[in-house]
Amino acid sequence: MNKIIALFLLTLLLFQVSAQVQLSGVINQYSKVTFIENNICHNKITVSNITPFNEGQLVVLIQMKGAIINESNSANFGNIQNINSAGFYEINEIVFISGFDVYLKYQNQYNYDINGLVQLVTMPNYEDATVSDILTAEPWNGETGGVFALNISGQLEMAKDIDVSGLGFRGGEAQTASNNNCSWLFPQNDYFYEYGSWRGSAKGEGIADPVLDKNFGKGAQANGGGGGNDHNSGGGGGANIYSGGLGGENNEPSLFGCQGNHPGIGGKAIADFEDRIFLGGGGGAGHDNNEVATNGANGGGVVILVVNNLSLLGTAIYANGNSPSEGTGDGAGGGGGGGSIYLNVKNEVNGQIHLSVAGGNGGNIDNGGGERCHGPGGGGSGGRLITNLILGSSSLSTTLGGGFAGSSINSSSCPNGSNGAESGEDGGIEGIDNDGNNIFANQEFLFPEADFSFTNNMLEVNFSSLLQNANLINWDFGDGNFSSVANPVHTYAQSGTYNVQLIVSNSCGIDTFNQSIFVEMVEANFLVSEEGGCVPLLVNFQNNSIGSVNDYFWTFEAGNPTISTDENPQVFYGSPGIYDVQLEIYSTSGNDTVLVENAIEVLNVPLASFDFFSPSQGIINFENNSIGATSFEWDFGDGTTLSNEEMPSHTYDSTGNFVVTLIASNEYCSNTITGTVSILTSLDELDLSKVRIFPNPSTNFITVELQNLGKAQIDFFSMDGNKIKYLSGTFSQSKLLDVSKLPKGVFTILVSQNKRRGFFRWVKIN
């Protein structure tokens, strides 16, 4: 079973590996650009071959040549006077294709001149890929090629190398003129000669096109090395942004032999290289009169590699200049200049990568043991590295050296040596940040783009235009109203759904954006089950808002709860007071708030209480001691008219016990208390001036004092008319009574003697 699982996992792993994009060989395609129309409205590139291109594809637009050089017959020949657009390059994306016209997504960052040989190169774009065999490019053929380009948004695993060595500008081609008039008396020292002249050999190719009738001879052709002059001198080395090496002289052993004292000059360094990239210059050809001179070597190509993560297995990227083959006579060709590598690893490097832009060595000459000392070639310069990797880090190693000068060997007339040939200068490395010096074009065209957002508060809508490149603006709000303001504010007359249209235009065209919006009037409001009541009070709140409300937020002063998000909350009030209520509502059409001050009044339940006393027989005065009441209703218990007075006085027409009822009310509730009033048989009134009962009020003891009355009957009655027997009795003189057991309240004391009586009102307090 375990073997089966292991086999399954291995099969799955192999499938995943095999499913990843495998890269090898030439993955780029090329076409010469014949026309460019780049303006604010579109970027149209006309190509000679449309076959390689598809919509949505990344491409590199690059100008190979176009520099203007000094044409004087002097050491200044080949100096770059105006680089023009040579070397400009950028990455763009194809939007659509029509015939031989390719329309790119973004404006060109630079101005290109099709007379400078502009080419459009496909740039494969993968998420993840593996270099399974050596990757390379088509060689430069005078119109296209020489460029490798690849973009990886995920991980590139380099199991094999990328190599564009010798695919750059071409070396000069050695050729034998039909008429060779070598003369020791008249040295051929001009810097240029016409095509096919026996006096000089072909110059190497560079960023300047050959000048008519000046494309042979020792003068350098921009970064292309000069050809060796008559007789049998070596060609100069090609260059990049550093100089190529001078070719070697031919040293004839005879006194009147044709000397070769004017070898090819090394390619000129390109000083203006910012935002540009170049092929390595070709080496100049060695002078030929016996069909054994060697050609100048080709320069290195260009690598443009943009990758997110790079995984390496000890692999490298090469853009070296080539070295000529060893000659057996005549002059030797110069080495090719190192090419250019642009490498931007945006995230992580796993392993070590080697980058090499070495110049090619100058050609060697094997004199075959004869009495000859032919001129060797000059070395090509090192090329250029452009990368965000840090030189000296564990992930990067480089080879930047210029090519060595060639040697003239195996001569019976001179020792082995360079005969004055020079090595090319070393190349260099240029740091960039992770943005990669913005080689990706990103300047969008000025097509008008209509778009807008909006916020609304009920029927008022604030429109914010998100348009681009618009000169003319027109709003249609969908209700018969219009505006040409960029960010208008519009108020609709009523709720509803409206189709809003924004039309914008400029010289490139018109764009329209439509959006349906819904607006409505939103108003917060609510109803309450009770506007007031007594503690404890329960109030039901009912939302009565207008509009499509999404959320509610209630605030209840002193309520329980104090806040709520319910639509119809229930709130308990436990303490008296007058309280505010606030409702906030939220909807897609706007928000609103209502604050009702003093919305809920909460009162304590009244406490009904009264006392009474009789100023004379049958008359009762009532003292109202109620708390928290604003209205009163008295029922005196004798069937007579009720009273609403606060402190009424009532006359009873008969004797007996009467139950008195007091209803004490406030606005919302009431409290009731009853008491009994006793109206006794009518007797003559006792002279109460001779009776003292003190202290009044009292807590524990009172004294009943009779002054010169003799014996008298003392009777205690509670407020409800019940006689308190243990305090009642016949007294004379004075008597101390213990009232501590009595409850708090108001009591009536009846003093009787000889059918006369009198009443006292006495208060017990605790």
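None of the figures in this text is laboratory data; all of them are computed from the coordinates on show. Given the structure is predicted, the values throughout are model-derived calculations rather than measurements. In this analysis, Cβ positions are derived from the backbone assuming ideal geometry, glycine residues included, and neighbour counts consider all displayed protein chains.
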Give me the distance in nm between label points sitting 7 Å out from Cα along the Cα-to-Cβ direction at residue 393 and residue 371, one decimal. 6.3 nm
Proxy exposure order for 583, 607, 709 (fewest C-beta within 10 Å first) is 607, 709, 583
Relative contact order for the range 317-418, counting Cα pairs under 8 Å that sit 6 or more residues apart, in percent: 33 percent
In nm, the gap between the two label points placed 7 Å beyond Cα toward Cβ at residue 481 and residue 433 is 4.7 nm
Using only Cα atoms, what Kirkwood radius does the range 187-276 have, in angstroms? 12.8 Å
So for 170, 372, fewest C-beta neighbours within 10 Å to most, what's the order? 372, 170
Taking alpha-carbon centroids only, the range 189-226 lies from the range 62-133 a number of Å equal to 24 Å
Going fewest to most other Cβ atoms within 10 Å around each Cβ, 147, 485 line up as 485, 147
What full-extension length gain, to one decimal in nm, is calculated for residue 489 and residue 558 as 0.36 nm per residue of separation minus the Cα-Cα distance? 20.7 nm
Filter the chymotrypsin sites (Phe, Trp or Tyr not before Pro) in the range 407-453 down to the DSSP loop ones having no more than 15 other Cβ atoms within 10 Å, then list what survives. none
Could you tell me the relative contact order of the range 526-603? Use alpha-carbon pairs under 8 Å, at least six residues apart, and round to a whole percent. 34 percent
To the nearest 0.05, the calculated FRET efficiency linking residue 313 and residue 184 through their beta-carbon distance, R0 being 35 Å, is 0.05
Note down the relative contact order for the range 48-137 as a percent, whole number, built from C-alpha pairs under 8 angstrom at least six residues apart. 37 percent
Looking at the chain, which longest stretch skips every one of the GluC sites (Glu not before Pro) that is in a DSSP loop with at most 10 other Cβ atoms within 10 Å, leaving the sites themselves out? 292-766
Given R₀ = 22 Å, what would the calculated FRET efficiency be for residue 598 paired with residue 631, taking r from the Cβ atoms and rounding to 0.05? 0.55
With Cα coordinates, the longest principal axis of the chain makes an angle with the long axis of helix 2-19, in degrees rounded to 10, of 70 degrees
Run the numbers for residue 55 and residue 471: contour at 0.36 nm per residue of separation, minus the present Cα-Cα distance, in nm. 146.8 nm
Taking the alpha-carbon centroid of each part, what is the distance from the range 439-518 to the range 576-624 in angstrom? 57 Å
Residues with beta-carbon under 11 Å from that of residue 596, excluding residue 596: net charge, scoring Lys, Arg +1 and Asp, Glu -1? -4
Go through 735/764; 690/725; 214/268; 32/65 and tell me which ones have a Cα-Cα distance over 21 Å in this structure. 690/725
What translational D, rounded to a whole number of µm²/s, comes out for the chain from Stokes-Einstein when the hydrodynamic radius is the Kirkwood one over Cα pairs, at 20 °C and 1.002 mPa s? 59 µm²/s
Can you tell me the FRET efficiency between residue 661 and residue 535 if r is taken as the Cβ-Cβ distance and R0 is 30 Å, rounded to the nearest 0.05? 0.80
Points 7 angstrom from Cα along the Cβ direction at residue 412 and residue 447: gap in nanometres? 7.8 nm
So if I place +1 on the C-beta of Lys and Arg and -1 on the C-beta of Asp and Glu, and nothing else carries charge, what would the dipole magnitude of the chain be about its Cα centre? I want it in debye, nearest 20. 2480 debye
Would you give the gap between the C-alpha center of the range 331-367 and the C-alpha center of the range 36-54, rounded to a whole Å? 33 Å
Would any residue of the range 736-766 have its amide N under 15 Å from a label point 7 Å out along Cα→Cβ of residue 713? List them or say none. 749-759
